[in-house]
Amino acid sequence: MNNINELVDDETAVALRASFAAGLLGELFGFSAGFAPSSRKCNDDIASRRVLLRSYERFSFLAMEASSAIPGPDPDVSFPLLKSYTFDGWNLAYQYKPAAEGFENANPLLLVHPVGIGLSSWFWNKFMETWEGPMLVAIDLIGCGIQHGADPWDPDERGLSVPLGWVKAAEALMQEVMVEAPIKQLPNLLSLLGGSSNRKIPQYSVVVQGGLAPVGVLLASRNPMQVEKLVMTSPPTWQQMTNGVSETELAKNYEFFRSPIRGRLAFSLLESRWAVQFFSNLFLFAEPCDKTWLDEVEKEACKEARPPVQVFNSGFCLARSFEEELASLSQPTLILQGSEDTARIPNRAEYANTMQQCSLQEIRGKNVLPWESSTDVVRAIQNFLL
């Protein structure tokens, strides 16, 4: 991509909230925004996995008025399961876990993973394994989920508004793919104007991790009848969500991460397993990270998966203030923050002070609560949904 403005959310002014206060390594490994790291090269069988996935399930977003049914729980099948969908020319993936018995008619949850070296929807695996309740759907954001068969993103070939492009892909998944979601009869514009037609709209709760909080906020703001509740785990501070930095700083950051020398060297170093472990323990976990975490980030980390990380760490997700959306959200909102995330806890109080229906709760852990404290996070969200 020659023009970095093609990356900027087309609904906002260009601004950035991604300074290097914690240093380059802190930015890449999620210290300032609550996201995470990862590791080496993609496996050689990416192409074959992609072919197998798409032959297993491929359907068009434009053609979908009703998708094939999502099967119910099967004792002989392990969850989460992997599926694919298409949106705006992108072949994308998501993981899901069917509703537990007794929760078939409950509103499902859409899970939005953080962006970082080697991260994708696998971030929610521990949470999904622990969860017993409504259906779960964990999206792979555009450019992520390479190991799941999703298309990589090359900014030199195709621009993408961030975070808006990720939001729209999530909206497509909510509206077209999750056909087993419960439907609520809500009046559409015609009926509000005196007509007799009604439109059936599925409702969901959205759970978003770390620096991808703007995706959750925009989903709730843009879809007030479809998003019932919002949960943000380890979100940026209120100041990070409501301040911006100059376009000059944004361009400077992006130029560094895309540099064929400095940027490539930094990624090559930080994608190594020892670096993943070191900086995960330093910035993300209250206790040492586990082997499964290292294995998963190692599978996904590769050159093809770098563009979303480059864009995110440059600051595009927080390129402008979200104060207006946050203050106007009518949906009940829960913010979960780690008890060991002591530097940022005081700076999140303004969420509760400014938002209409927002509560804050501390969970043992630091910055990746759905992974390091999955049981506590499950319990907190289940209570919030009651």
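For the pair SER246 and ASP290, what calculated FRET efficiency results from E = 1/(1 + (r/R0)^6), where r is the Cβ-Cβ distance and R0 = 51 Å, to the nearest 0.05?
Numbers: r = 40 Å, r/R0 = 0.79.
Efficiency for this residue pair is about 0.80.
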Simple spin-label estimate for ASN91 and ASP154 in nanometres, 7 Å along Cα-Cβ: 1.5
log10 I(q)/I(0) for the range 81-139, Debye formula on C-alpha points only (no solvent), q = 0.25 Å⁻¹, two decimals, reads -1.05
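How many percent of Cα pairs in the range 213-341 exceed 23 Å? Mind dumping the intermediate values first?
Working: 4090 of 8256 pairs.
So the portion of pairs separated by more than 23 Å is 50 percent.
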Residue separation times 0.36 nm, minus the C-alpha to C-alpha distance between SER272 and SER259: what's the value? 2.8 nm
Using a Förster radius of 25 Å, what is the FRET efficiency between ALA349 and ARG222 based on their Cβ-Cβ separation? Nearest 0.05, please. 0.45
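Which entries in LYS126/LYS366; LYS83/LYS299; LYS229/LYS291 show an alpha-carbon gap greater than 27 Å?
LYS229/LYS291
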Amide H neighbours of VAL162 under 5 Å, at least 5 residues apart or on other chains, H built in the peptide plane: list them. VAL8, ASP9
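Every read-out reported here was derived from the displayed coordinates using simple, explicitly stated rules and does not represent laboratory data. Source: prediction; values computed, not measured. Ideal geometry is used to build each Cβ from the backbone, glycine not excepted, and the neighbour counts take in all protein chains shown.
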